[in-house]
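The values are calculated or read from the model by the stated rules, or taken from the named source; none is laboratory data. As the structure is a prediction and not an experimental result, all values here were calculated from the model. Note that we place each Cβ from the backbone using ideal geometry, even for glycine, and neighbour counts take in every protein chain shown.
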Amino acid sequence: MSHLLDIEELNITFGGLHALRDLDFHVEEGEIVGVIGPNGAGKTTFFNMISGMVRPTSGDILFEGETLVGLDPNQVTQRGIARTFQNVRLFANMTILENVMVSQHCRTKRGVFGSLFNTRAFREEEAEIRRYAEEVLGFFGSRLVGYRLEQPASVLSYANRRRLEIARAMATRPRLLLLDEPVAGMNPIETAELTRLIGRLRSEWGFTIVLIEHDMNVVRDVSDRVVCLDHGETIAQGSFEEVSSNSDVIEAYLGRPLESKK
């Protein structure tokens, strides 16, 4: 039986170095899956391949039973996958509202003709894009709405930039949301708030979520299932308790224990 996302024997090699090796991975619709592993384990490369930024050397990536291999990032987005990045990538000189409106371009139907002649259909679609952008931003409470809508993204605090990047991904109307270290750089209060929001992304918006995260408290609190990568290979998967107590996972993070001297 096919899953929402199926990754089969995925390999990628950079100059003879295996970034990912024989990776098998799946996501059920409605799941939140946490992906963990030490630095250099291949986690971001994994997201880059799903989102079409890097092409695998071999293997397949199936979304709703159809391959994503060979698609450009915009085509992957149109298929229903959106992502955020470890390093925030916003349009700093565009307003907060514009950042979210422009992300809906992949769903628009009115072309150049409508734009040039400002047709009624174009105006109606533009109004709907704005309405939906405001609805998405409202999910984050008062932080990104009201007078802030017309402020440039560059004035936002780091935590609010991360929220805006998630909002921009949400606005593409994805079925699968890939979050790359969403709480990185946040203080404990901000981390706790965003952890709750991740749960609401599924319960209220219906997103299936895969997240890469180093904060084990976040992984524990939101994940239905956890997968640990090391040197591009899966070394453990299961519940948080099962994975966090796995000896291979502990060794990957902490190193092999020294043998006692006789």
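For this structure, a couple of remarks:
- Boolean, Glu66 is at pLDDT 95 or above, of a type outside the set (Lys, Arg) and more than 18 Å from the chain's Cα centre (by Cα): yes
- Consider the stretch 46-101 and keep the residues that are in a strand (DSSP E or B) and out of contact with any Asp or Glu (no Cβ under 6 Å at 6 or more places or on another chain). The one that is farthest from Arg173 (Cα to Cα) is Ser58.
- Subset of the stretch 76-102 [of a type outside the set (A, V, I, L, M, F, W, C), touching a strand residue (DSSP E or B) at 6+ places or on another chain (Cβ under 8 Å), without any contact (Cβ under 8 Å) to a residue 60 or more places away in the chain and within 21 Å of Ser157 (Cβ to Cβ)]: Thr95
- Criterion (assigned to a helix (DSSP H, G or I) and assigned by TED's automatic domain parsing to the domain that holds Ala92) met by exactly one of Ala192, Ala159: Ala159
- From the options Thr13, Thr95, residue that is surrounded by fewer than 20 Cβ atoms within 10 Å (Cβ to Cβ), modelled with pLDDT of 95 or more and among the β-branched types (Val, Ile, Thr): Thr95
- Every pair of residues 6+ apart whose Cβ atoms lie under 8 Å, when the first sits in the stretch 29-49 and is at positive phi and surrounded by fewer than 20 Cβ atoms within 10 Å (Cβ to Cβ) while the second is of a type in the set (D, E, K, R) and not in a strand (DSSP E or B): Gly30/Arg202
- Residue identified as surrounded by 15 or more Cβ atoms within 10 Å (Cβ to Cβ), closer than 13 Å to Val100 by Cα and without any contact (Cβ under 8 Å) to a residue 40 or more places away in the chain among Ile129, Ile166: Ile129
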